[in-house]
Structure formats: structure tokens, C-alpha cells
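> Next up is a structure, given as C-alpha cells.
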Amino acid sequence: MAQITGKATLLFDRPPRIIGAASIVGSKESDGPLGHLFDCIEEDPKFGKNTWEEAESELQLRTARKVLEKTGLTEEEVRYLFAGDLLAQGIATSYGIMELQIPLFGLYGACSTCGESLSLAAMCISAGYAGCVMALTSSHFASAEKEFRFPLEYAGQRPLSTTWTVTGAGAFLLASEDFLSSSPSSVCITGITTGKIVDYGVKDSMHMGAAMAPAAADTIARHLHDTGRTVEDYDRIITGDLGSVGQIILKDLLREQNIEPGDRHEDCGILIYDPNTQDTHAGGSGCGCSASVLASYILPKLRRGEWKRVLFLPTGALLSKVSFNEGHSIPGIAHGIVLEHC
């Protein structure tokens, strides 16, 4: 069960365990600082398919199968699947994992979908509705550009504030304490803080960090208030997709609330690419950014005990091509996940 703490936080009495994680990325991501940590690298950006959308569906399917392979589980042992992507009507997910035939909750939280899927999966396990569930998210650079900006054939120029949508996916298997008693996991989800929609009126779709940073600051502040903790209670506070520009904005907003993140803050969008050798401008973004970095970089450090407690906050910009073309602003949201070495 879970203890309701404050207005937005749950702390789990019997924390769900992350018993498996897998990450698959494209060639550009493999050239970054974390390239040697991902489970699989796909050199073909179309993953052997005919369209960018089909490529992302294939990416999701392969990643789901990879986490099952790593844990030795079958589809039949997974009670529910919480999954999402960036495309309209979640088509990368619905077409991608159809053949797995796992009961599905299709999600959309933009680039925060990894946090949303993990939150709901943890709640499901904690409440006793399932012994094992999967959380899965993906993004693809080309399909996202086609969906939200311009097809690649247009060769549009990108301002320096732009982030690069990661071609990648992350899949996670969560289970109750007694599901795999012979192979207990060393990483638990001990709490979640659900984000709310925050809108500072940003309208520039090439400046996602500015749209998402206020939501990240809001969730961090609410989490610390709800739990009575401080930044020093965490080895790291890791946001999802702010990039280098968004990180500056986040720190300024937190300091206005007398919260000093200091060197404890990291961002998946900054970690995944090398700004000195890769032309990604402000860094990475997309559902697959935080998901692949969590699976390949964050969880192993927690398993080894290098970090004891991490606040993980995937961030999302809640726009669509319709809302953008109609001149609306871009609201943001961030979901907090407390990960601990057990």
C-alpha cells in the first residue's frame, strides 16, 4: 500500500522493485558519452521498415522483447503494460507492441511519459493489482520532426536553443517483493510525486527547455515540501529533457524558492550527447531520452550502490501540431520518481 503525503506525493510501504531494464538507441546516441552503456545499437534509422513511424514501432517492440529476454520472463507473466510515445494517437505504441498481447494502458505525457508510466506501474504493483507490469516509452528523431516540426526533406535550420529528439526506447519490468523471491532487485521505487500542468506562456516550439523547466521546478519544490526532505537527501536530482538552456532556467526558478540544486542536478538531455562533438545544440529530448538514460546509466549506479537515492523527473512539453499552429502556448509537466538502492 501507499502513504498519501502532502498534496501530490505517495510513499510506498512495500516499494515496487525494478527487476529489469533495457535500452535500445540509434547510431547518433551511440556516439555520445553513454554509447557503451546501451543494450543495443541500431545503425539503420528505419529499423528495417518503410516509414519512420514503423521504425519507432519496431524500436518499441524490440525493447520490450529485450527486457523480457534479460529477465527470463514471458509476455504471459506480465499483467499490464503502461506505454506511450510522441506520435498522434500513440501509434508507435499501438502498432509496435500489438503482437505481445499484454493488456495495455496507452499513455501520453509528451517527454514525461517515462515518469507517468513508471508512476502508474508502481501504483498498480503497490495496490496489489498485479505481480509484474511493464513500463515502456520511445521516441524517434525523424518521426518526431515530421509530427511536430518539419519533415527532414525540408532541411530546416535549427536555433541553438533546440533540443534533438532521441532515437531510443527504454523498457522496465516492475514487480512486487514476492514475485521473484529467488532474484530480488536492488532498486526500488519508494515514492512518486505527480506533476501538474504549468504554463509560463512559452510559444516557441524550438525552445522546449524553457517550456518544461517551470514544471520541473514546481514538481521538485512540491516533492520536497510534501516529504520534508531537502536536496541534500538525494545523491542526484535528474530531470529528463531540459537540455543546457532549460537547466539554467530550472536552477534560477528553484533559487527563487530558496532551493539550491548545485552539482546534484543532472539532466538526461545533457548526458546523452557530447556538445563538443555532436551538433545537437541544447541537448536531447523525447520520450526515449529519459527512458534510455534511466535504463543504461541511472539504474546501474543505484544497483551498485554508488547512489543511494535519486529523484528522477522526466519532463514533457504538452503541445500538438494543432495547438502550435493555432498559436497556443506550450504547457509543461514533470513527474517525480524516487529511486532507491534497496
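The values are calculated or read from the model by the stated rules, or taken from the named source; none is laboratory data. The model shown is predicted, which means the values in this text are computed figures rather than measured ones. Backbone-built Cβ (ideal geometry, glycine too); neighbour counts: all protein chains shown.
> With respect to Leu86, determine if the residue is in the same structural domain as Arg17 (by TED's automatic domain parsing), buried (at least 19 other Cβ atoms within 10 Å of the Cβ), in contact with a strand residue (DSSP E or B) (Cβ under 6 Å, 6 or more places away or on another chain) and not in a helix (DSSP H, G or I). I'd like the intermediate steps shown before the answer.
Values: in the same structural domain as Arg17 (by TED's automatic domain parsing): yes; buried (at least 19 other Cβ atoms within 10 Å of the Cβ): yes; in contact with a strand residue (DSSP E or B) (Cβ under 6 Å, 6 or more places away or on another chain): yes; not in a helix (DSSP H, G or I): yes.
When the stated conditions are applied, Leu86 passes them.
> If I ask for residues that are crowded, with 22+ Cβ neighbours inside 10 Å and in contact with a Gly (Cβ under 6 Å, 6 or more places away or on another chain), which ones from the range 225-244 would you list?
Asp241, Leu242, Gly243
> I'd like to check something: does the range 327-336 contain any residue that is surrounded by fewer than 17 Cβ atoms within 10 Å (Cβ to Cβ) and under 27 Å from Ala221 (Cα atoms)?
Within the range 327-336, one or more residues are surrounded by fewer than 17 Cβ atoms within 10 Å (Cβ to Cβ) and under 27 Å from Ala221 (Cα atoms).
> Within the range 72-83, which residues are of a type outside the set (A, V, I, L, M, F, W, C), touching a helix residue (DSSP H, G or I) at 6+ places or on another chain (Cβ under 9 Å) and either not in a loop (DSSP other than H, G, I, E, B) or not assigned by TED's automatic domain parsing to the domain that holds Pro103 (or both)?
Glu75, Glu77, Tyr80
> For the range 3-53: of the residues being of a type outside the set (D, E, K, R) and touching a Cys at 6+ places or on another chain (Cβ under 6 Å), which is farthest from Ser126 (Cα to Cα)?
Taking the candidates together, the pick is Ile24.
> Which residues, taken from the range 203-228, are acidic (Asp, Glu) and closer than 17 Å to Gly316 by Cβ?
Passing the criteria: Asp204, Asp218.
> While we're here: Go through the range 276-318 and count every residue that is at pLDDT 95 or above, part of a loop (DSSP other than H, G, I, E, B) and among the hydrophobic types (A, V, I, L, M, F, W, C).
1
> Further, regarding this structure: Search the range 1-42 for residues being assigned to a strand (DSSP E or B) and among the polar types (S, T, N, Q), and hand back the single one that is nearest to the chain's Cα centre (by Cα).
Ser23
> What are the pairs with Cβ atoms under 8 angstrom where one residue, in the range 193-218, is under 15 Å from Gly284 (Cα atoms) and the other, located anywhere, is aromatic (Phe, Trp, Tyr) and surrounded by fewer than 22 Cβ atoms within 10 Å (Cβ to Cβ)? Sequence gap at least six, or different chains.
Sorted first by the residue in the range 193-218, then by its partner, the pairs are Ser205/Phe148; Ser205/Phe324; Ala210/Tyr200; Ala211/Tyr200.
> Any idea which of (1) among the charged types (D, E, K, R); (2) within 19 Å of the chain's Cα centre (by Cα); (3) not in a helix (DSSP H, G or I) is the one Lys49 doesn't satisfy?
(2)
> Quick check: anything in the range 300-313 of a type outside the set (D, E, K, R), under 18 Å from Phe172 (Cα atoms), touching a Cys at 6+ places or on another chain (Cβ under 7 Å) and outside the structural domain of Pro33 (by TED's automatic domain parsing)?
Let us first name the residues in the range 300-313 that are of a type outside the set (D, E, K, R), namely 300, 302, 305, 307, 310-313.
Okay, now just the ones that are also under 18 Å from Phe172 (Cα atoms), so 300, 302, 310-313.
Subsequent filtering for residues that are touching a Cys at 6+ places or on another chain (Cβ under 7 Å) retains none.
For the range 300-313, residues of a type outside the set (D, E, K, R), under 18 Å from Phe172 (Cα atoms), touching a Cys at 6+ places or on another chain (Cβ under 7 Å) and outside the structural domain of Pro33 (by TED's automatic domain parsing): absent.
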